[in-house]
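The structure appears right after this line, and notes come after that.
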């Protein structure tokens, strides 16, 4: 933990910088220029200023006050880390706690100024601030990063080597993808497309990098016109092969840091007639938004890259199926190991996760984990994003439930799988909940549905067994998964709640989607069973084209926690069918002892 | 059928009127001033001009051409009725057939004029015409009804007596309803609300009438401000009791025909600062829309009356439950009768429907049917809106399936129920389909779901058994039902298809919704099983407020067409539970013979 004196010193320096810049309030979120899921050290200004190390939180500073907003996952940790810093904790979504726009509206005086680095604030949040503060005529100072000047030993800006995806792994060439993107641009009557979402850019240009933890992406921007395509990359990322490869694809390379002057040149005052530029307001920073907003004929929309990326090609699917098999073998071996080892040696959540990571590490195509492995024993499993700390984590006992949610980045795919493992005796209640979760997972996986359905049509299949018991989980049932890219991907999802402003994506053949219902009982235990499913065409009848899922994950569901008599005949049949496939696909790759065990744990019930 | 010479003569007269009015093309839809579901004789201009008697269709006339657009239900009939009239038939939604806006765009010359009576064209369709014809600078002449001048013996404008709903049957007083409406107006920041939807008006003012077939409504408009409420009624509808009743409720009565001058007075050019007026574009005629469009600060939105009307009060629900019981007894007696009588006497679809109507007629509270009784044998059942004709309908045999969809208007409620009845032997395939339909109906009926769900979350429960067989029905699964009002009511519905522009309504406690999956095999047979469900609160747990349904309909589902072995154990249990309730609730009101039969046909399977 950073010394509290150091934190107070940093806040003093920032306040001096604010006075010099004429800024009354300064806001520091936790984000990079691309609203990535993970933030690299360079972007951890909020942690640098406050000492709070959680993954989410926003700091607001004035000459008199300082407040940090974070969510329920971090209340205890933030309380401790903020002590003696002079920073007040604002518990997000607790009753009576104002959110940041409300708080600013209550505290700022008319005509004051609000500063922030517009590159790390999303356009969406910036607009919320504008709306909340318009009546008070607050001036926005968004062009400067005031923290940079006081952060002496700031880590370097992330800049990994740009790697071209090997040709045989590419679903399609850059030229083919650009043709599809341009076709969609034409349909939408836009003549230029600005892209700032990093995984969309990696997909489009068949590049990969390592600038964001767990996400194999490069800091970049893209700009596509009817005739030209530009990618903006850091000079340090480039090497000869990338240059050759981009040149062959007819893509212009520009410097990452030249995006603003490039756009300003594209939008000169007198040249508004060159057509409409489209950008996705969900993925654009406030700074970019202000450029567009100043310069005219723009349209907000969903970048066509999002849907195109989500629909995997046959080439991609062939690699994905192979990699999911290898990944499933590793997870199956891990379950065999942990169920035996927990009786013989002392294990912790962390050491179990390490063992699983090492099994994945043995797969030749393995590049790294796709997110921090969640290994959560009993009550820790009730926290959806728990990450075991080597120095302070739970010891595993030969009883109760261990929830393991993990995935890998491989040459050939990105995986995501969760199994909850009975380490020994489990209670009747745990079994009831485990059985309901397994039934829900299987029912969604078995769905047959007409083409045109979205995740909202199907969510009740996964949630039904829990809803029948008056229970629910407070998250979606499923998300898309990238191909050698981010483990969380849109536009498809499986959720139930109706939000009119959020468009729904039809489930298309070739999409991947996770199927992960769960039970989370605070202070007790957590259960989640997650398979990744591939969307496939089913029968085509006089009534239309039907769709269905095929599982990509083949890992046993722990029968030690299943109550077959609590399942419907149909769900039992689905479980037996799934376990039959697991045995058939995985057993050839196991030791004799593992194989014998797998036969037993995939028996029909 | 009207003599073809007469039709040609009428078209000539209209063309003369068009020339005199300077109108190049004239459009005649099938609608009244309020876009009601049924059109009374006064409004049948399209039939008067074309001789085509179907319930849906639009005629377009120029000096050279005449075309009628109608849908698949009427292709054969329209072909016959239009013969020798000079009117071409345009088969809607057939490939290569332009719709009306497209056709007009192709055929009209730049600067020509299109005439129609703006009062019978919906704002939505009028705007589509505007969009399609804007490039050709077509002038719209919408203020005149050119047919009126040539229709000598035109039927009278519908004008039934306005009846106040007896106090004990009112869910709430007019004053209470106005308070709720004004609260919603305030939330939406509108200071005036214009209402043209007839059932909303009847609900709000606790009035009923008989101006539209099957819908107990009055031709009327409503105008609500923060302080005043106006209802616009025909002088002929009024009588002393209505006047007293409206006066007591603090409602101003104005003449129905004075709505336009009233609105024009409300919107004088210089008085735009009196706040925003809201109207529902889905229910407003093009003529009204043009008034609003001319005069300024208006907002399009959903009238709060729609949702308030849909959520039934406890008073209403108590009456509804009683009436549904009586209605269920009548339908159960009908099933007993038809299954026996078909073996002994010669029956037709029409005579069966007459018998059912007569059973309903024996209920003291009965006022009329809520829609034309559908009695459809075998292949006629595959037509969703079939209406048997006394002079030409199918004879019933002691075999196959009879689909009967019917409902009543009662003092105390509006009903809607469908049963498909095995009149004797039915094939294995019919049984398979019947069983899937029954399973789907029961699954939706048994759903437990979190508050916040809409029909799109639940539709797959009803459709699932058919989707699993690669089958579907081409309509929604369910709609709302009025209270002593229209049998089709919004805003709730059970459907699956995603249409971004159509807002979804959350299922609220006290709503009614139909649950009516089906199988429709053209030329073979139709199957539909329909219950009306009441939305109720279920358990409230740590995870939220759960909702569930309770059936209002208690009529046996024909076990002669059920294959219990094709149902899941759970579906069988649901069927047995439902049949247990049917026997318990209905048997006390039956003869000994009927009772004995009911016990047999509601036995557990």
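The values are calculated or read from the model by the stated rules, or taken from the named source; none is laboratory data. Here the structure is a predicted model, which is why all the values come from computation and not from measurement. When we count neighbours, we look across all protein chains shown, and the Cβ atoms used for this are built from the backbone with ideal geometry, even at glycine.
Some values worked out for this structure:
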read-out: Residue within the stretch B:492-501 that is over 24 Å from residue A:504 (Cβ atoms) and not in a strand (DSSP E or B) present; value: no
read-out: Filter pass, residue A:438 being touching a strand residue (DSSP E or B) at 6+ places or on another chain (Cβ under 8 Å) and farther than 30 Å from residue A:300 by Cβ; value: no
read-out: Output for the stretch A:337-358, where each listed residue is buried (at least 19 other Cβ atoms within 10 Å of the Cβ) and closer than 21 Å to residue A:529 by Cβ; value: A:338, A:339, A:342, A:349, A:352, A:353, A:356, A:357
read-out: Condition broken by residue B:412, with the remaining ones in (1) under 24 Å from residue B:480 (Cβ atoms); (2) in contact with a strand residue (DSSP E or B) (Cβ under 8 Å, 6 or more places away or on another chain) satisfied; value: (2)
read-out: Criterion (crowded, with 18+ Cβ neighbours inside 10 Å and under 15 Å from residue A:60 (Cα atoms)) met by exactly one of A:115, A:86; value: A:115
read-out: Yes/no for residue A:376 being outside any loop (DSSP other than H, G, I, E, B) and in contact with a strand residue (DSSP E or B) (Cβ under 7 Å, 6 or more places away or on another chain); value: yes
read-out: Residue that is farthest from the other protein chains (Cβ to nearest Cβ), among those in the stretch B:596-605 that are under 17 Å from residue B:335 (Cα atoms) and in a loop (DSSP other than H, G, I, E, B); value: B:602
read-out: Qualifying positions in the stretch B:453-476 - part of a loop (DSSP other than H, G, I, E, B), over 25 Å from residue B:503 (Cα atoms) and more than 8 Å from chain A (Cβ to nearest Cβ); value: B:469
read-out: Residue A:516 vs. criteria within 22 Å of residue A:303 (Cβ to Cβ) and within 17 Å of the chain's Cα centre (by Cα); value: no
read-out: Test: residue in the stretch A:438-447 that is closer than 27 Å to residue A:307 by Cβ, facing chain B (nearest Cβ under 10 Å) and either modelled with pLDDT under 95 or assigned to a strand (DSSP E or B) (or both); value: no
read-out: Residues of the stretch B:532-574 that turn out to be more than 29 Å from the chain's Cα centre (by Cα), without any contact (Cβ under 8 Å) to a residue 24 or more places away in the chain and more than 11 Å from chain A (Cβ to nearest Cβ), as a count; value: 1
read-out: Residue check, residue A:411 surrounded by fewer than 23 Cβ atoms within 10 Å (Cβ to Cβ), touching a helix residue (DSSP H, G or I) at 6+ places or on another chain (Cβ under 9 Å) and within 28 Å of residue A:352 (Cα to Cα); value: yes
read-out: Residue match in the stretch A:396-403 (condition: part of a strand (DSSP E or B) and within 14 Å of chain B (Cβ to nearest Cβ)); value: no
read-out: Restricting the stretch B:477-494 to residues that are within 14 Å of chain A (Cβ to nearest Cβ) and closer than 15 Å to residue B:533 by Cβ, the residue that is surrounded by the fewest Cβ atoms within 10 Å (Cβ to Cβ); value: B:493
read-out: Residue within the stretch B:516-531 that is away from chain A (no Cβ under 11 Å), closer than 30 Å to residue B:401 by Cβ, surrounded by fewer than 19 Cβ atoms within 10 Å (Cβ to Cβ) and touching a residue at least 40 places away in the same chain (Cβ under 8 Å) present; value: yes
read-out: Odd one out for residue A:338 among (1) at pLDDT below 95; (2) assigned to a helix (DSSP H, G or I); (3) in contact with a helix residue (DSSP H, G or I) (Cβ under 6 Å, 6 or more places away or on another chain); value: (1)
read-out: Check on residue B:435, in contact (Cβ under 8 Å) with a residue 40 or more places away in the chain, away from every other protein chain (no Cβ under 14 Å) and out of contact with any helix residue (DSSP H, G or I) (no Cβ under 9 Å at 6 or more places or on another chain); value: no
read-out: Evaluation of residue B:73 against (1) in a loop (DSSP other than H, G, I, E, B); (2) at pLDDT below 90 (one fails), failing number; value: (1)
read-out: Residue B:510 being surrounded by 14 or more Cβ atoms within 10 Å (Cβ to Cβ), at positive phi and more than 10 Å from every other protein chain (Cβ to nearest Cβ); value: yes
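Yes or no, residue by residue, for (1) within 13 Å of residue B:27 (Cα to Cα); (2) more than 23 Å from the chain's Cα centre (by Cα); (3) outside any helix (DSSP H, G or I):
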{"site": "B:80", "(1), (2), (3)": "no, yes, no"}
{"site": "B:94", "(1), (2), (3)": "no, yes, yes"}
{"site": "B:106", "(1), (2), (3)": "no, yes, no"}
{"site": "B:124", "(1), (2), (3)": "no, no, no"}
{"site": "B:145", "(1), (2), (3)": "yes, yes, yes"}
{"site": "B:154", "(1), (2), (3)": "no, yes, yes"}
{"site": "B:160", "(1), (2), (3)": "no, no, yes"}
